[in-house]
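The values are calculated or read from the model by the stated rules, or taken from the named source; none is laboratory data. What you see is a predicted model; the values in this text were computed from it and never measured. Glycine also receives a Cβ, built like all others from the backbone with ideal geometry; neighbour counts cover every protein chain displayed. Note: areas computed on protein heavy atoms with side chains; ligands, DNA, RNA excluded. Shrake-Rupley method; radii C 1.70, N 1.55, O 1.52, S 1.80 Å.
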Amino acid sequence: MPPAGVFGKEQAMSVTLDGIAARLAAERLEVLGGFAVTAGEGLPAGTRTLLLIGPAEPGFWAHFTAGPEWNDGAPDPVDRWSRRVIGRLACDLGAKALFPFGGPPWHPFYQWALRCGTAWESPVRLLVHVRQGLFFSARGALALKEVVEMPEAGRPPCESCTQPCLTACPAGALTGAGYDVPACHSFLDTPEGRDCLTGGCLVRRACPVSQSYARLPEQSAYHMGQFHT
């Protein structure tokens, strides 16, 4: 892979949104959004488009758990899988792969998502995505030296929603006032918190857009377990 800030001189494949989407689909990933980049934004030199990449459901979790990282017993399998798969695509594109893990320093994925026009701050401050709802999850980003045209920005789904996320947390840990992390952990230690641990955060599950997104409870349980370790 080229060093930070350096792109390959030759392209191994044509850089189009459809072409990237086709490559990602083979790994059960998708483009979650993207935006045009100007010079001086702290991204690799020559970056003109940034694309956020995340799981595509249905199918991601089964695909990932069939891979070597899940089965080799080493720590951080999701991060290692993401680095391998997205990093390989970046090499093929002559691009640079960036990740939300491995810091400090940490890349501003939250702010990048807001710039895409496909994700917004929800009433509970978590990002809500046009397709994934509160299950929004970026596994990485591609910094491309090409201009890639993105679809027109959408409208925040929360504008026409009854916003059940505001009252879904049984511990009152995740509300419009923000996230009380200690209260969340304390609740997860109780018998009543087992549903959140095994099925995923009730606030994320309450979002109507989340409910139309086919994320498996097993995936949510894994991430909740990692969070609560």
Practice task
Hey, can you tell me all the residues within region 87-120 that are touching a Leu at 6+ places or on another chain (Cβ under 7 Å), open to solvent by 60 Å² or more (accessible area, probe 1.4 Å) and not in a loop (DSSP other than H, G, I, E, B)?
Solution key: Tyr110
Practice task
Run down Pro170, Pro156 and say which single residue is without any contact (Cβ under 8 Å) to a residue 60 or more places away in the chain and over 18 Å from the mean Cα position of the chain (by Cα).
Solution key: Pro170
Completion exercise
Condition set among the small types (Gly, Ala, Ser) and either part of a strand (DSSP E or B) or in contact with a helix residue (DSSP H, G or I) (Cβ under 9 Å, 6 or more places away or on another chain) (or both), scope region 140-160, selection farthest from Ala113 (Cα to Cα): answer is Ala143
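Among the listed residues Ile20, Ile53, identify the single one that is of a type in the set (A, V, I, L, M), surrounded by 20 or more Cβ atoms within 10 Å (Cβ to Cβ) and in contact with an Asp or Glu (Cβ under 9 Å, 6 or more places away or on another chain). Lay out the reasoning, then the answer.
Working: Ile20 fails: in contact with an Asp or Glu (Cβ under 9 Å, 6 or more places away or on another chain).
Criteria check complete, one pass: Ile53.
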Exercise for the section: For region 44-62, enumerate the residues that are modelled with pLDDT of 95 or more and among the hydrophobic types (A, V, I, L, M, F, W, C). Expected result: Leu50, Leu51, Leu52, Ile53, Ala56, Phe60, Trp61, Ala62
Fill in the blank from the handout: Going through region 56-83 in order, the residues found to be assigned to a helix (DSSP H, G or I) and surrounded by fewer than 15 Cβ atoms within 10 Å (Cβ to Cβ) are Ala62, Pro68, Asn71
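Run down Ala66, Ala36 and say which single residue is at pLDDT 95 or above, touching a Lys or Arg at 6+ places or on another chain (Cβ under 9 Å) and either of a type in the set (A, V, I, L, M, F, W, C) or under 11 Å from Leu142 (Cα atoms) (or both). Don't jump to the end; show me each part of the working.
Numbers: Ala66 fails: touching a Lys or Arg at 6+ places or on another chain (Cβ under 9 Å).
Being at pLDDT 95 or above, touching a Lys or Arg at 6+ places or on another chain (Cβ under 9 Å) and either of a type in the set (A, V, I, L, M, F, W, C) or under 11 Å from Leu142 (Cα atoms) (or both) holds for just one of Ala66, Ala36, which is Ala36.
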Practice task
Kindly list, by first and then second residue, each pair from a residue in region 203-222 that is among the polar types (S, T, N, Q) to a residue that is open to solvent by 40 Å² or more (accessible area, probe 1.4 Å) and in a helix (DSSP H, G or I), limited to pairs with Cβ atoms under 6 Å and residues at least 6 apart or on different chains.
Solution key: Ser210/Arg204
Handout entry: Pair list, Cβ < 6 Å and 6+ apart or interchain, from region 125-141 residues that are without any contact (Cβ under 8 Å) to a residue 24 or more places away in the chain to residues that are outside any loop (DSSP other than H, G, I, E, B)
Key = Leu127/Ala113; Leu127/Ala119
Practice task
Give me a count of the residues in region 189-229 that are in contact with a helix residue (DSSP H, G or I) (Cβ under 9 Å, 6 or more places away or on another chain) and of a type in the set (Phe, Trp, Tyr).
Solution key: 2
